[in-house]
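Each remark here refers to the structure printed beneath this line.
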Amino acid sequence: RHKPYSLAMIFANPVFAAARAQLASPEQTERKGLNIPSVVEHVQKVKAAAPQNLDYGVDYYLKGALAGGICCGITHGAVCPIDVVKTRIQLQPDVYNKGMIGGFKQVIAAEGVGALATGLGPTVFGYFIQGWFKFGGVEYFKIQFVKALGEEKAWNNRNSIYLASAGMAEFIADIFLCPLEATRIKLVANPKFAASMPAAMSKIVAEQGLLNGFYSGFGPILFKQVPYTMAKFAVQGQVAEAIYNSMGKGPKQCSGGTNLSVSLGSGVVAGVVAAVISHPADTLLSKINKPGAGGEGSTMTRLGRIATETGYMKLCTQGLAARC
């Protein structure tokens, strides 16, 4: 069977190439003749070339974290205009009710093109940090599972390893993302809230306090991001594996362009599936950070009121097209 690949394969980095091979079973790969190295083979090669890297040094995880941070920061920053429209649709559905294209026209007509970049600072910075911990964490937890379970058992349980690694890494990442996401939503909901990201964060703390201001949406962000990340890694692995199986080839037998196409194609499918799964929580996250949303009371009480007022279908669909 072919080894499923994670999103890390889009990075042109030999370190990730080794990581992608870590779950392969030597017996299975030898029978298939795919020439995919196993953990044992990789460790033997590393030991012969550089003994100090036998157990994946800190530099390995730093490379994974940095690559993830850069890519997440760039991609989320690039789609900031779409995110502005999506958030406006979620927060003001009575005003922004003409779809995604209509939403773009409304924002530009009312506030100018520059309004589409609202919240760009916290978006780029927040998702750089989130990508750092997410991708670095996934690699760390994945390797620890392989070491703990053994190579053969790890291969047989590879999908569970993908899900567990992604869930744990995302939980940690969300602790750092949540304050910046709260800041972004505040700025998008009210562009006059503050002139900059630092000013907005200071104002949030002054008006609402640290926990209420930055972590009211921690529950929704977990329900949004953890299922999103778990689905993204698991679905992409399955789709990539299915594509390679359909071609009757392994990644080693394909060109760089073919492997990149498989990565991007499986990533698109995984992204759409993950967005649909996590969208109700994304809607709640946007609304809970709107001043006065849900009335008074605890975060869970407010979330309950918001969910009841919005309705299940709207929670699942408001801004979904823009998000996908």
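The values are calculated or read from the model by the stated rules, or taken from the named source; none is laboratory data. Keep in mind that this is a model prediction, so the values were computed, not measured. Please note: Cβ atoms are built from the backbone with ideal geometry, for glycine as well, and neighbour counts cover all protein chains shown. Side chains included, ligands, DNA and RNA excluded: accessible areas come from the protein's heavy atoms. Shrake-Rupley method; radii C 1.70, N 1.55, O 1.52, S 1.80 Å.
Any residue in the range 188-209 that is out of contact with any His (no Cβ under 8 Å at 6 or more places or on another chain), under 27 Å from residue 316 (Cβ atoms), assigned to a helix (DSSP H, G or I) and in contact (Cβ under 8 Å) with a residue 24 or more places away in the chain?
Checked the range 188-209: at least one residue is out of contact with any His (no Cβ under 8 Å at 6 or more places or on another chain), under 27 Å from residue 316 (Cβ atoms), assigned to a helix (DSSP H, G or I) and in contact (Cβ under 8 Å) with a residue 24 or more places away in the chain.
Scan the range 75-94 residue by residue and report those that are surrounded by fewer than 17 Cβ atoms within 10 Å (Cβ to Cβ) and within 18 Å of residue 186 (Cβ to Cβ).
Hit for the range 75-94 is 92, nothing else.
Six or more apart or on different chains, Cβ atoms under 7 Å: show the pairs whose first residue is in the range 296-309 and without any contact (Cβ under 8 Å) to a residue 60 or more places away in the chain and whose second is buried (at least 16 other Cβ atoms within 10 Å of the Cβ) and not basic (Lys, Arg).
As it stands, the answer is 305/294; 306/284; 306/288; 306/293; 306/294; 307/284; 307/315, since those pairs meet every condition given.
Taking the residues in the range 268-324 that are touching a Lys or Arg at 6+ places or on another chain (Cβ under 7 Å), among the small types (Gly, Ala, Ser) and not in a helix (DSSP H, G or I) as candidates, determine which candidate is surrounded by the fewest Cβ atoms within 10 Å (Cβ to Cβ).
Checked the range 268-324; the qualifying residue surrounded by the fewest Cβ atoms within 10 Å (Cβ to Cβ) is 295.
What is the number of the single condition among (1) touching a helix residue (DSSP H, G or I) at 6+ places or on another chain (Cβ under 9 Å); (2) open to solvent by 60 Å² or more (accessible area, probe 1.4 Å) that residue 106 does not meet?
The failed condition is (2).
Applying the selection to the range 256-267, what residues are among the hydroxyl-bearing types (Ser, Thr, Tyr) and surrounded by 15 or more Cβ atoms within 10 Å (Cβ to Cβ)?
Correct list: 258, 263, 266.
Residues being more than 18 Å from residue 173 (Cβ to Cβ) and open to solvent by 20 Å² or more (accessible area, probe 1.4 Å): count how many of those fall in the range 214-253.
12
Read through the list (1) open to solvent by less than 40 Å² (accessible area, probe 1.4 Å); (2) of a type in the set (D, E, K, R); (3) more than 30 Å from residue 141 (Cβ to Cβ), then give the number of the only condition that residue 192 fails.
The one condition residue 192 does not meet is (1).
Just checking, does the range 166-186 include any residue being basic (Lys, Arg), over 12 Å from residue 289 (Cβ atoms) and either out of contact with any Cys (no Cβ under 6 Å at 6 or more places or on another chain) or in a helix (DSSP H, G or I) (or both)?
no
Please go through the range 140-155 and pick out each residue that is surrounded by fewer than 22 Cβ atoms within 10 Å (Cβ to Cβ), touching a residue at least 40 places away in the same chain (Cβ under 8 Å) and not aliphatic (A, V, I, L, M).
Once the filter is applied, which keeps residues that are surrounded by fewer than 22 Cβ atoms within 10 Å (Cβ to Cβ), touching a residue at least 40 places away in the same chain (Cβ under 8 Å) and not aliphatic (A, V, I, L, M), the range 140-155 yields 140, 151, 152.
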